[in-house]
Amino acid sequence: MTKGLKKLMPIFAVAILIFAVTSCKNEPKVEGHYTYQHGWNYDIDEENIDVHETGTMDFYADSTALDSARQVYKVTFNDGGKATWVFNYVSPSLWRVDGEDFYFAGVEETFRMELVESTCEDCNEELSKKLAQKIVEGVRGGIAREIKFHLASLTEKELVWSYTYNDGHTDKWEFYRE
């Protein structure tokens, strides 16, 4: 190595260090307050339920999160009756990122899903109440299971993750930073 090159090595090292530090500072972080809307449907007790939720997601630096949403479940029973349930959904949660994998799980002990409104049009009210309770129990029963999502996008304005189900279809959640 020439004498001139030896003198430049510390300058290159400092330049690389500055580049590394400033590059890390510019990477978007998950932490923050987001809003979201999401919809899905599924079958339970031979009935198809459509769900739509509007909520907020707060991610904290200590790997905790708070998912709060207004969830509206609608079902048309086989006999033609219709029911709508509105839930207040509050899920303290845990999260972590590993490359492009985003892991997320609710904390069962502090999870809440409260029925705040219910309508029943030409339906069996007892059946409607039982199905609403079954929904809450089903969600509560799986809330603590850690789910691995694909981290599709993380920018200063949005966080997008997706999940591919066993049947092959993929669902996507889009969170917008406020």
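General observations
- Exactly one residue among Leu115, Leu131, Leu127 is within 20 Å of Tyr42 (Cβ to Cβ), open to solvent by 80 Å² or more (accessible area, probe 1.4 Å), among the hydrophobic types (A, V, I, L, M, F, W, C) and touching a residue at least 40 places away in the same chain (Cβ under 8 Å), and that residue is Leu127.
- Some residue of segment 45-55 being acidic (Asp, Glu), surrounded by 11 or more Cβ atoms within 10 Å (Cβ to Cβ) and at pLDDT below 95: yes
Matching residues to (1) in contact with a Pro (Cβ under 7 Å, 6 or more places away or on another chain); (2) part of a strand (DSSP E or B); (3) not polar (S, T, N, Q):
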| position | (1), (2), (3) |
| --- | --- |
| Val72 | no, yes, yes |
| Asn78 | no, no, no |
| Ser91 | no, yes, no |
| Glu109 | no, no, yes |
| Glu114 | no, yes, yes |
| Glu117 | no, yes, yes |
| Ser128 | no, no, no |
| Ile135 | no, no, yes |
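- Note on segment 155-178: among residues that are part of a loop (DSSP other than H, G, I, E, B) and in contact with a strand residue (DSSP E or B) (Cβ under 9 Å, 6 or more places away or on another chain), the one that is nearest to Val97 (Cα to Cα) is Thr155.
- Among the residues of segment 56-92, just one is in contact with a Phe, Trp or Tyr (Cβ under 8 Å, 6 or more places away or on another chain), hydroxyl-bearing (Ser, Thr, Tyr), farther than 24 Å from Pro28 by Cα and open to solvent by 10 Å² or more (accessible area, probe 1.4 Å), namely Thr84.
- Residue ID - farthest from the chain's Cα centre (by Cα), chosen from residues in segment 140-172 that are under 23 Å from Val75 (Cα atoms) and open to solvent by 40 Å² or more (accessible area, probe 1.4 Å): Asp167
- Conditions (1) within 17 Å of the chain's Cα centre (by Cα); (2) more than 16 Å from Ile135 (Cβ to Cβ); number of the one not met by Asn88: (2)
The values are calculated or read from the model by the stated rules, or taken from the named source; none is laboratory data. All of these numbers come straight from a predicted model, not from anything done at the bench. When we count neighbours, we look across all protein chains shown, and the Cβ atoms used for this are built from the backbone with ideal geometry, even at glycine. Accessible surface areas use protein heavy atoms only, side chains included; no ligands, DNA or RNA. Shrake-Rupley method; radii C 1.70, N 1.55, O 1.52, S 1.80 Å.
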